[in-house]
Structures are given as C-alpha cells and as structure tokens.
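Comments concern the structure below.
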C-alpha cells in the first residue's frame, strides 16, 4: 500500500521502480522515514538491481535509528554499483557508527572522493570523520576543500565553525576506531567520574568536619580517628566503581583522549594522598612551625581542589579555538538554520567569556599597580561587540536577551573602569581611607576623586552583573533542559547523504551499446588521455560491462574516471558518450554511469 499526495493510502501497481524511489525520497524529505522505507522496499522488489533503492532503504533505517539494519542495505548498494560515489558515501555514513569499522568508513569516503572529486559530499564526510575523532586540523582542511567546490554547502560551513572552535565531540573519551562498543567505554567513563566526584566530595567534607571538631570542640584525636575511618570507607567505594569499568585495557587511552577526565581522576587520587598526609601531620604532637604552611596547603588541596579545577576548566574552555572566525564562516541556511544559530550563540558566549576575563585581569592589574592603566579596558570589548553585530546582521542572534544584556553590560563596565583610572580614585574605592588627605586637597581634586571612585564602583558592578547574567542563563538552561551558554551545547550538522538519484540509461542508449560495431574507451594515465577499443554490454541495473586491453587496467586503477563512446549503426547520426567510474571485477571492467551525453553528428549533443 502506498500514499498519494493527499496522504491517503492506495495502490499504485503501475509505478516503476524508479518512481517508487522518487516517492521514497519525497517521503524522507517530508520527515516520514517509516513510509519512505515501505516505498524503497517496493522499488527494490520491482528491480532488485536498483542500487538507488537500497541506498534509500539504508537511509530510512538510519533515520529510524536502526544503524545495524542500515549497513547491509548500504553494502548491497555498493555491490550493485561499485563505482557509485553516492553508494560509497552512504556506506561510509553508516559504518562510522558501527564499532570496529571506522577504518572502513574512512576508506569508503576516500573512494567516494576519488570517484567524484568535483563533488563536495565526500570532502564533507571526510571532514566529519576527522571532527568526530578530534582531529580539528584535518577536519578544517576537508571542510575548506568542500567549500572551494560548493561555497554554499551548509553542513561544511556549520562544521567548519566547530573545527575552528575546537569542538568537544559527544564522547571525547572514546576513539571511534576502537573495536569496542562506545556504550561500554561510556559506562567506564561514568564509573570513573562518579568515583572521582565521590572521593573529592567525601574528603572535602571530612576535612572541614575534622578541622571544626579540632579547633572549635577540642576533639582533635577523635576527629582524626574519624578521618581514618573515612579512608577505610574509600576502599569499598573504589572497589565498587572499579567493577563497573569493564574495559580496563582502554582506561589509560580514555584518560589521554579526555584530558579533563584524566585531570579529575588524578586530582581525586591526589586528594586521597593529601588527606592521608594531612591526618599524619595532625597526629604529630610537636610540629615545627615550618610545617604549618605544609599542613594548611594539604588541607587546601583537599577542600579547594575541586572548585579551583572547575574555575581553571571554565577559563581554559573560554580560550580554546577561534570563535570570531567560526562566526565569520557560519552562514544560516534552510537545512541547518537552527543548528547554525545555536552554535553562533555559543560562540558569542565564548567571546564574551574571553572579554570578561581580560577585563577582570586588566582592572585587577590597574588597581594593584597603576590605576591609569585601566584606560586599556576601553579597547577590550571591541571583539565581542563586533561579533555580536555581525551575528545580528547575518540573522544568527535572535531571541536570546541574556546574551544581549551581558554584552551591553561589558561595554559600560570597560568605559567606567577606564574613567575611574583616568580620574585616579582607586584609594577611595572601597571606603574612605583617603578621606583625610582628600579633605586637605582642593575641592576640584576632591570632586574628581569622588567621581573616580564611583566610576570604579559602576564598572566593577557591571562586571559582576555580567557574570550574574551568565549564571542566570545557565540556571535557566539547566531548569528547562535546553542548550546553555557553554561548549557542550554546540551541535554538529549531520545532514543525510547518499540519497541522490542514480543515472539511468534510456532505451536508446541501451540500444546503441547493444548494436554498436565499435566502442571506444577513454581514460587517463601519467602521460595524458588514452583511448582503447572495447566490447561492452549493459546490465539490467544500468551498469556497463567492458572487455578492454590489459594496458588500460593499471591506469584505471589509479584514476577510475572513464568515458565510453559508441554510435548506433541503425541510426547512423546518433552517438552516445557515457562518463562514469570503472572498477575491475574479475576479467571485466564495471562502469557506473555518472553522466550521459548523446546527440547527432557532426557534434550537437544533449546531457542527461
């Protein structure tokens, strides 16, 4: 049963296989993969040799989340048309999600690029494969190559922005080339995260509790015994989480691929050592005064290690990548409009975070060293204002008043701090310590100092307000479960590939190859174009089978793009040229058509 344009169910017994493929593609574009799968299966039943039908079956399974079922259909399409770049691309798309078959996915994408260097799709797929492995430099190269072919390719533009931002893929700990299921490494990562979080939290609370009991209640000995009990409690906790890590051979590589996971685990182990040393030093009755800083430092490692690590990570994440360049290359298109706007918003938050951190550093340095140095703060907001206005012009930034508020809070903060530095009133910023000196100064100087103090307060208040806006925006995202102003909200554009129609050979073309007295194969080698005589036949699936001289095989292996020319003896003025990709199979060359030219002598031709 099929569905007509009105959406009603009906029979279409007179439809051909190719018409069912067109119907399946229409349903896929309309967001109806289940119905598209039914139409594609009908096409495959009518013509089992239709590689387009099998590609659509694979794509429908992928859209339905059935990656395992999408692989056989894609492999069948490649088997039917070994020179089809779209079939190779479709197979690469499904193999990248199959554990242990990443190398095959890369190989298929490279073959697709070899078969169709004039197409942007293979370069985009190679860029996606590099991006998912965290190879940002190679991904950037592939996306720029794709944009050189098709400057309007939306997926290349969005994902190039991610490469410039040094995007963290969803599973940074997992190498897609590993032959292990990513769900297993995901469980291992979760166990390591939970262990490090529990250890750090438990030891921080225990340290604060022991210090409070020793200093306030004079129960130091009992508190240290409780601390030893906490150390013993870590043993079953560690054993429990260790059992959940079922892929210990990959644990070291996981920590290397995800540096923040490695830092978290190492900091938890360091907290255990610091806590034990802290208890040991506390048990010493007579501790030399020189050990006091050591004892306090060990407590600081246990208690402040977690927030310090979070602050360092937030600062490091803000300074990764090139967000302004990412904003420059990302263009909203119909196919990727929501993804492009979301990524642009995150990029603007990253630029805003950089601007805020630089302003804080400049202002702090000016307050400590020389107040007049705060004049440099005026130039700091320029990048974020420029990026924000550019995003507004391109239609990226819409519907996020939090970002607008934070951006326009940073600008007056910079101006006010610069004014405070010029007026030179840092002494009276937090009080009236300089009041005695001011009272003896002329009224103009006192008025300037008073204005400078208020300028400093306004600037610092605006900086604090911008930070508060960021926190409120993050809380809103957390409460609603939506994207927040951080890197984890970045999305990769992953449009369906390999759905385009195959090139069909009309009856006139088939007749020409069936009755042609001479067929010419054109190919290229290191010395230039070559021609050779051949014998050809056309299969039911529209593929050419050629028997050609042996000298052509080695050249075709290097560059499989060929052209096959034939004339129809029944219609002496009619000629056909099929351009395609040739692949060796046993003792014949299989040519998958990419383009068909036909016409009448002396040279008028048309393209199909």
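Within region 257-271, can one find any residue that is modelled with pLDDT under 90 and either over 18 Å from the mean Cα position of the chain (by Cα) or under 22 Å from residue 392 (Cα atoms) (or both)?
no
Residues checked against (1) modelled with pLDDT under 90; (2) under 25 Å from the mean Cα position of the chain (by Cα); (3) not assigned by TED's automatic domain parsing to the domain that holds residue 459:
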site	(1), (2), (3)
358	no, no, no
369	yes, no, no
372	yes, no, no
392	yes, yes, no
404	yes, no, no
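Do we find that residue 242 is modelled with pLDDT of 90 or more and within 30 Å of residue 487 (Cα to Cα) in this structure? Even if it seems obvious, please write down each step before you answer.
Details: modelled with pLDDT of 90 or more: yes; within 30 Å of residue 487 (Cα to Cα): yes.
It is true that residue 242 is modelled with pLDDT of 90 or more and within 30 Å of residue 487 (Cα to Cα).
How many residues are in contact (Cβ under 8 Å) with a residue 40 or more places away in the chain, under 30 Å from residue 44 (Cα atoms) and surrounded by fewer than 17 Cβ atoms within 10 Å (Cβ to Cβ) if we restrict to region 512-533? Explain how you work it out, then say what you get.
The initial filter retains those residues of region 512-533 that are in contact (Cβ under 8 Å) with a residue 40 or more places away in the chain, namely 512-513, 515-523.
Keeping just the survivors that are under 30 Å from residue 44 (Cα atoms) gives 512-513, 515.
When the remaining residues are screened for being surrounded by fewer than 17 Cβ atoms within 10 Å (Cβ to Cβ), the result is 515.
Residues meeting the conditions: 1.
Among the numbered criteria (1) over 24 Å from the mean Cα position of the chain (by Cα); (2) over 28 Å from residue 584 (Cβ atoms), which single criterion is violated by residue 495?
(1)
Please work out if residue 191 is assigned to a helix (DSSP H, G or I) and either surrounded by fewer than 16 Cβ atoms within 10 Å (Cβ to Cβ) or touching a strand residue (DSSP E or B) at 6+ places or on another chain (Cβ under 8 Å) (or both).
So residue 191 fails the test.
Determine the pairs where a residue that is assigned by TED's automatic domain parsing to the domain that holds residue 276, located within region 295-313, has a partner that is modelled with pLDDT under 85 and part of a helix (DSSP H, G or I) with Cβ atoms under 9 Å apart, the partner being 6 or more residues away or on another chain.
295/281; 295/282; 298/281
Test residue 223 against the stated conditions and say whether it is closer than 15 Å to residue 279 by Cα, in contact (Cβ under 8 Å) with a residue 12 or more places away in the chain, in contact with a helix residue (DSSP H, G or I) (Cβ under 8 Å, 6 or more places away or on another chain) and not assigned by TED's automatic domain parsing to the domain that holds residue 94.
Yes; evaluated as a whole, the condition is true for this residue.
Tally time: how many residues in region 234-265 are free of Cβ contacts under 8 Å to residues at least 40 places away in the same chain, under 24 Å from residue 207 (Cβ atoms) and in contact with a helix residue (DSSP H, G or I) (Cβ under 8 Å, 6 or more places away or on another chain)?
Number of matching residues: 2.
Among residues belonging to region 93-123 that are touching a residue at least 40 places away in the same chain (Cβ under 8 Å) and in contact with a helix residue (DSSP H, G or I) (Cβ under 6 Å, 6 or more places away or on another chain), point out the one that is surrounded by the most Cβ atoms within 10 Å (Cβ to Cβ).
121
At pLDDT 90 or above and over 30 Å from residue 562 (Cβ atoms): is that true of residue 28 in this structure?
The answer is yes for residue 28.
When residue 200 is evaluated against the numbered criteria (1) in a helix (DSSP H, G or I); (2) not assigned by TED's automatic domain parsing to the domain that holds residue 267, which criterion, by number, is the only one it fails?
(2)
The values are calculated or read from the model by the stated rules, or taken from the named source; none is laboratory data. A quick note: this is a predicted structure, and the numbers were derived from the prediction, not measured. Here Cβ is always computed from backbone atoms with ideal geometry, including for glycine, and neighbour counts include all displayed protein chains.
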